[in-house]
1. With respect to residue 58, determine if the residue is within 20 Å of residue 93 (Cα to Cα) and modelled with pLDDT under 95.
2. For segment 79-113, name all the residues that are surrounded by fewer than 16 Cβ atoms within 10 Å (Cβ to Cβ) and either out of contact with any strand residue (DSSP E or B) (no Cβ under 8 Å at 6 or more places or on another chain) or within 17 Å of residue 42 (Cα to Cα) (or both).
3. Given segment 13-117, what helices (runs of 4 or more DSSP H) lie entirely inside it while holding 3 or more residues that are out of contact with any helix residue (DSSP H, G or I) (no Cβ under 9 Å at 6 or more places or on another chain) and touching a residue at least 12 places away in the same chain (Cβ under 8 Å)?
């Protein structure tokens with residue numbers, strides 16, 4: 001139905017508290033990547049510790065994502081959740097399996113009082 005999420009989408013979308021727990025559980029896991037898809041200026045303003053930046057708005061975004069290891073687990077975020085949701089869609093279409101989106105992005109994260117750098 002229009003406007004309703006598939007069960008697959010709801011399994012991909014994590015609220016900030018669940019995402020925080022996932023990050024804590026995977027702190028020393030080399031196969032877990034926290035991916036920030038905002039602009040470099042947004043990243044410099046504040047970001048979640050341990051995240052790597054791949055700018056969704058960059059013309060070579062798809063190429064950069066293609067270079068990432070598809071066997072790793074990715075937790076993706078942006079400012080409000082729109083770019084990260086689009087990024088997750090792109091990643092899944094090119095063969096990534098374990099990809100998650102932080103609903104509400106870093107704004108939702110900060111609204112919950114979760115830590116940023």
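1. no
2. 80, 82, 89, 93, 94, 95, 97, 107, 110, 111, 112, 113
3. 16-25
Here is a yes/no grid of residues against (1) under 11 Å from the mean Cα position of the chain (by Cα); (2) more than 21 Å from residue 15 (Cα to Cα):
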| site | (1), (2) |
| --- | --- |
| 32 | no, no |
| 62 | no, yes |
| 69 | no, yes |
| 82 | yes, no |
| 93 | no, yes |
| 99 | yes, no |
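One line per residue, one yes/no per condition, for (1) surrounded by fewer than 18 Cβ atoms within 10 Å (Cβ to Cβ); (2) within 17 Å of residue 107 (Cα to Cα); (3) modelled with pLDDT of 95 or more; (4) in contact with a strand residue (DSSP E or B) (Cβ under 8 Å, 6 or more places away or on another chain):
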position	(1), (2), (3), (4)
16	no, yes, yes, yes
36	no, yes, yes, yes
49	yes, yes, yes, no
74	no, no, yes, yes
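The values are calculated or read from the model by the stated rules, or taken from the named source; none is laboratory data. Note that the structure is predicted; figures quoted are calculated from it, not measured. With ideal geometry, Cβ positions are generated from the backbone for all residues, glycine too; neighbour counts draw on all protein chains shown.
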